[in-house]
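Have a look at the structure below, then the notes.
The values are calculated or read from the model by the stated rules, or taken from the named source; none is laboratory data. Bear in mind the structure is a predicted one, so any value in this text is a computation, not a measurement. Methodologically, a virtual Cβ is constructed for each residue, glycine included, from the backbone with ideal geometry; neighbour enumeration extends over all protein chains shown.
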Amino acid sequence: MADAPIAPIKRRMTLPSQPQREDPIYKPAESPPQDPAHQAVFIFVHGLGDSADGLEDVADQFQNNHKLPYMHWILPNAMESREAMTTAWYTPNSFSAFPPDRPELAPEEDEIGLMKSIGYIESLIDACRNKGIPSQRIILGGFSQGCALSLLLDLTSKKYAGRLGGIVGLMGYLPLANARRIEDLRSHAGLPPNHGSVPIFLARGQKDQMIPKSVWNQSLKKLQELGVHESDLEVREYEGLGHSLNGPVLRDVCSFIERIVGTRCRFAVRLLLPLDILGRPAKPALDFVFSSSSAPKDITTVDIIESDSASIPGTRNLIYLGEDDGYADSIMDSDALGTLEMQIRRDTNDYEHYLDMIKLGGRGMGTRDYVPRPLR
């Protein structure tokens, strides 16, 4: 008989608890790797007037469709705010479609509330790190106020600025973007002037009446001023969408997260194909290896797969999958590009990821902390 699905755990002793704050919703990964260093976490922060319950459906959609099965979900809760008269991460201010010419005329922002909430989110990241999950495999994101918190933490946190795997900002903005307050906070935290290289995904509905276009543009401009490189910033606007989420947004979020913390074979493809032997950008002719993504869920025997359809100049077009304690060694042997050995988990999603990345030719992959090594 198949095992019953793991029920969401609404209270977890390893996650911090605070008086007057509802505990986070914790949804464990469907298929977590045994080694915590290979696991991943998405801390997904709700917006003004909402709660973790309001985002649980998003996590359920991903898990019910077996998307990102190696990833844990943590959905934190904001506290009730007297000033906002609802749940809020900080006291909101009113946006103007026409920002003032001088920063000192801009509405005052609740910096104290922002920093207090950032401190709480840092404690959740601490809990993940204490479980052995590397910071570069922790994704932080949120909707509206949750987006604002995520961006500001990535820019100003003494502990985690520039160190997380990626940031997902949905229907939000960058707070404290006027004048040089963020630069001052970075300096006070001992951070370098420039942001560094953390992938950021930003989404906005073109009919969003809550976040004016001018505030969105100001946020993008400030990110550029802070050294966020164009190659690390994925910006999407969705026609006909207001201050809400829809299927296309969630699909793009899924693709973004997969590129960052997907199976290690994704990194193998990226590391194998970024340059040709002369150091120029490679243009791989490899189209696919598996004819479909519905490969067997478990590998019980050693398989050697050769693809007549796949072709990289200088390669033998050989992929070797060998059983080894629940893992498989994936070896792509290339005379021109060098030899790389990586490990991938034995589940359907790894095959799907492999297929997807092969189709993409390895583009858009992160390579931090993954260094190719010669095959022994």
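Tabulated values for the structure
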{"read-out": "Residue pairs meeting the criteria (Cβ under 9 Å; at least 6 apart or on separate chains; first crowded, with 16+ Cβ neighbours inside 10 Å, in segment 240-269; second polar (S, T, N, Q) and at pLDDT 95 or above)", "value": "Leu241/Gln206; His243/Ser144"}
{"read-out": "One residue from Leu68, Leu75 being buried (at least 18 other Cβ atoms within 10 Å of the Cβ), on the phi > 0 side of the Ramachandran plot and not charged (D, E, K, R)", "value": "Leu68"}
{"read-out": "Filtered residue count, segment 209-228, keeping only those that are surrounded by 15 or more Cβ atoms within 10 Å (Cβ to Cβ) and in contact (Cβ under 8 Å) with a residue 24 or more places away in the chain", "value": "12"}
{"read-out": "Flag if Phe201 is in the same structural domain as Val45 (by TED's automatic domain parsing), aromatic (Phe, Trp, Tyr) and farther than 19 Å from Leu68 by Cα", "value": "no"}
{"read-out": "Pick from segment 129-163, criterion surrounded by fewer than 24 Cβ atoms within 10 Å (Cβ to Cβ) and of a type in the set (A, V, I, L, M), ranking: nearest to Ala40 (Cα to Cα)", "value": "Ile133"}
{"read-out": "Number of the condition not met by Gly166 [criteria: (1) buried (at least 23 other Cβ atoms within 10 Å of the Cβ); (2) closer than 20 Å to Pro92 by Cα]", "value": "(2)"}
{"read-out": "So Val235, is it surrounded by fewer than 18 Cβ atoms within 10 Å (Cβ to Cβ), on the phi < 0 side of the Ramachandran plot and either without any contact (Cβ under 8 Å) to a residue 40 or more places away in the chain or among the polar types (S, T, N, Q) (or both)", "value": "yes"}
